[in-house]
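J.: Dropping the structure in here first, questions after.
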Amino acid sequence: YPRFERSPCPDTVPALEHARCGFLVVPENRTEPGGRAQRNIVAIVPAVSKTPAPSPVVYLTGGPGGIALLEAPRLIEAGLNREHVLILMNQRGTFETVPELTCPGIDEFNARAVGRRLDSDATRRDHVAATAACRRHLVSKGADLGAYNTLENAADFADLRRVLGYDNYNLYGVSYGTDLALTILRRHPRGIRSVVLDSAVPPQRAGPPEFWPNARDGFRNLFEACRAQGSCNARFPRLEQTFAELVRRLEADPVAVTITDPQTNAPRRVVLDGGALVNALVAVSFYTPLFRDVPRWITNLAAGDATDFAAFRAASVPPPGFVGYGLTFGVFCAEQTPFSSPHDVLVRGRQSFPNYPASVLAEAPQFTFVYDDCRVWNVPSLPAMRHATPSDIPTLVLSGSFDSVTAFRWAKAAAEKLT
């Protein structure tokens with residue numbers, strides 16, 4: 001350890017047909033170097049330029065638990081490999097790594113749960129049961145769940161640079177990938193030429209309570225943009241008030257609608273309560289082109305047509321076995337939830353959305369039931385992660401104004417000690 005082993009590129013990603021692939025092989029747990037190996041699949045995409053720059057761009061995907069290699073088509077289309085070699089690595093425990101710490105049972109429950117109230121004790125109980133079952137399964141396979149965190153993840157990327165023989169590299173992180181980039185910058189700065197933080201997650205500030213102010217900022221910017229645009233305001237007046245009224249109404253009296261499942265073409269029942277509606281609008285942050293449709297969706301829902309939001313809620317559930325929950329819970333449960341409480345979530349929720357029901361605000365958007373999940377996941381906390389990163393290395397921080405997950409306030413926090 002560490003070493004690079006060549007292997008064919010996955011044929012599931014046609015954009016990698018000209019890439020060179022292999023596995024980064026490292027210890028699963030670096031405190032036990034003679035223990036089990038972790039094998040992360042890597043794709044090295046050649047530069048378009050005949051005279052490429054000597055330092056590659058290394059892409060750090062989000063999640064935590066996302067799949068870097070599946071993003072190759074849009075990264076190539078965006079030109080990330082125009083002047084530089086582009087390197088993608090699926091992070092430890094994610095899809096097509098060995099071991100692969102995915103949990104199809106959680107995904108299957110989430111698919112069924114779109115037909116249930118989000119804000120209910122029954123949904124909470126069954127969700128946490130799915131998480132506990134996943135944990136038991138992974139542990140029975142020998143996984144050391146405490147080794148799936150940002151510290152080990154950052155060390156993997158530092159090892160990747162060395163085994164591939166690059167003196168310098170450029171880091172491009174998105175969402176959780178920016179938390180990872182800042183950790184590499186703080187703990188393994190050697191060889192980093194430049195950094196891009198796209199949709200920043202500052203480790204010293206990140207945590208479930210802070211998702212409410214981020215949602216507030218993203219929603220407010222979206223509604224203000226409609227107000228400022230004459231045609232939008234004329235067609236969709238009072239959008240912010242209408243949405244808040246819908247959150248209250250649906251939380252008191254959820255609506256059920258049957259849609260056609262886009263994947264199976266079968267009828268599918270979807271329930272929208274206030275929490276599901278708020279989470280759906282937050283989730284549009286991952287599908288930027290849909291923002292233009294949101295004013296119409298809200299207006300249709302107010303008129304009694306819930307089809308748009310229901311179809312989006314159903315389509316937002318990832319396919320079974322795609323999310324690397326070992327890393328998802330490893331990061332949240334070691335690095336974020338130990339330093340806050342469900343009470344903090346409710347307090348920040350009430351500050352951000354004083355007109356929303358307490359039952360909606362009691363759970364952090366996007367990561368519903370995360371404190372309950374982390375109680376059963378039971379990994380050691382990592383207080384060493386809760387620090388701002390100081391650095392003089394050139395860094396570009398990007399933020400989307402409608403982003404309700406990683407809002408601009410987090411971009412400013414990430415840049416706090418970056419000269």
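The values are calculated or read from the model by the stated rules, or taken from the named source; none is laboratory data. Note that the coordinates shown come from a computational prediction; the quantities given were computed from them, not determined experimentally. Note that each Cβ is placed from the backbone with ideal geometry, even for glycine, and that neighbours are counted across all protein chains shown. Only protein heavy atoms, including side chains, enter the accessible area calculation; ligands, DNA and RNA are left aside. Shrake-Rupley method; radii C 1.70, N 1.55, O 1.52, S 1.80 Å.
J.: Starting at the first residue of the stretch 228-243, write each ³J(HN,Hα) from the Karplus equation 6.51 cos²θ - 1.76 cosθ + 1.60 with θ = phi - 60°, in whole Hz, x for Gly and Pro.
T.: 7, 9, x, 5, 5, 5, 5, 7, 10, x, 6, 4, 5, 5, 4, 5
J.: If you line up the Cα atoms of the stretch 247-322 on their principal axes, what length do they span on each, largest first, in Å?
T.: The Cα atoms of the stretch 247-322 stretch 34, 26, 18 Å along their principal axes.
J.: Go through R350, R205 and list them by solvent-accessible area, largest first, probe radius 1.4 Å.
T.: In descending accessible area the options line up as R350, R205.
J.: Based on alpha-carbon positions alone, could you give the equivalent ellipsoid semi-axes of the chain from the gyration tensor, as √(5λ), descending, whole Å?
T.: 35, 24, 21
J.: Sticking with this one: So what are the radius of gyration and Dmax for the Cα set of the stretch 79-235, in Å?
T.: 20.4, 60
J.: Exactly which chymotrypsin sites (Phe, Trp or Tyr not before Pro) in the stretch 242-299 are in a DSSP loop and have at most 15 other Cβ atoms within 10 Å?
T.: Passing both the DSSP loop test and the Cβ count: Y287.
J.: Considering only DSSP beta bridges where both residues belong to the chain, give the percentage that are antiparallel (nearest 5).
T.: Beta bridges within the chain, antiparallel portion: roughly 55 percent.
J.: For E96, E251, E32, give me the order by solvent-accessible area with a 1.4 Å probe, most accessible first, ignoring ligands, DNA and RNA.
T.: E32, E96, E251
J.: Measure nothing fancy, just the Cα-based angle from helix 342-352's long axis to the longest principal axis of the chain, in degrees from 0 to 90, nearest 10.
T.: Here the helix axis deviates by roughly 60 degrees.
J.: Another question, then. What figure in square angstrom, to the nearest 10, would you give for the accessible area of C226 with a 1.4 Å probe?
T.: For C226, solvent-accessible area is about 10 Å².
J.: Right, something else. Arrange the residues K141, K417 by how much accessible surface each exposes, largest first, with a 1.4 angstrom probe.
T.: Final ranking, largest accessible area leading: K141, K417.
J.: Give me the percent relative contact order of the stretch 363-419, please, defined on Cα pairs under 8 angstrom at least 6 residues apart.
T.: Over the stretch 363-419, the number comes to 35 percent.
J.: Right, something else. What relative contact order, as a whole-number percentage, does the chain give when Cα pairs under 8 Å and 6 or more residues apart are counted?
T.: About 21 percent, as a whole number.
J.: Trypsin sites (Lys or Arg not before Pro), restricted to the stretch 28-93: which are DSSP loop and have at most 11 other Cβ atoms within 10 Å?
T.: Counting only loop positions with at most 11 other Cβ atoms within 10 Å, the trypsin sites (Lys or Arg not before Pro) in the stretch 28-93 are K50.
J.: Tell me the accessible surface of Y176 in square angstrom (1.4 angstrom probe, heavy atoms of protein chains only), to the nearest ten.
T.: 10 Å²
J.: Next up: Give me a comma-separated list of calculated 3J(HN,Hα) values for the stretch 145-152, in order, Karplus coefficients 6.51, -1.76, 1.60 applied at θ = phi - 60°, integers in Hz, x for any Gly or Pro.
T.: 4, x, 8, 10, 8, 6, 5, 5
J.: Mind jotting down the three principal axis lengths of the stretch 1-89 based on Cα atoms? Whole angstrom, largest first.
T.: If we take the Cα atoms of the stretch 1-89, the spans are 42, 26, 23 Å.
J.: Quick one: which residues, 5 or more positions from C103 or on another chain, have an amide H under 5 Å from its amide H? H modelled 1.01 Å from N in the peptide plane, none for Pro or chain starts.
T.: When sequence neighbours closer than 5 places are left aside, the close amide H contacts are G321, V323, Y325.
J.: Per-residue HN-Hα couplings for the stretch 82-95, Karplus 6.51 cos²θ - 1.76 cosθ + 1.60 at θ = phi - 60°, whole Hz, x for Gly and Pro?
T.: For the stretch 82-95, the Karplus curve yields 5, 10, 10, 4, 10, 10, 10, 9, 5, 5, 3, x, 8, 3 Hz.
J.: If one takes the longest principal axis of the Cα atoms in the chain, at what angle in degrees, from 0 to 90 and to the nearest 10, does the Cα axis of helix 176-187 lie?
T.: Roughly 40 degrees between the two axes.
J.: When the Debye formula is applied to the Cα atoms of the stretch 330-419, each taken as the same point scatterer, what base-10 log of I(q)/I(0) results at q = 0.13, 0.19 Å⁻¹?
T.: The Cα Debye sum returns log10 ratios of -0.59, -1.08.
J.: Then there is this: Using a 1.4 Å probe, how large is the accessible area of D293, given in Å² and rounded to the nearest 10?
T.: 40 Å²
J.: Out of the total accessible area of the stretch 339-419 (probe 1.4 Å, heavy atoms of protein only), what percent is carbon and sulfur?
T.: 57 percent
J.: Obtain the radius of gyration and the Kirkwood radius of the stretch 264-419 from its C-alpha atoms and give Rg over Rh.
T.: 0.99
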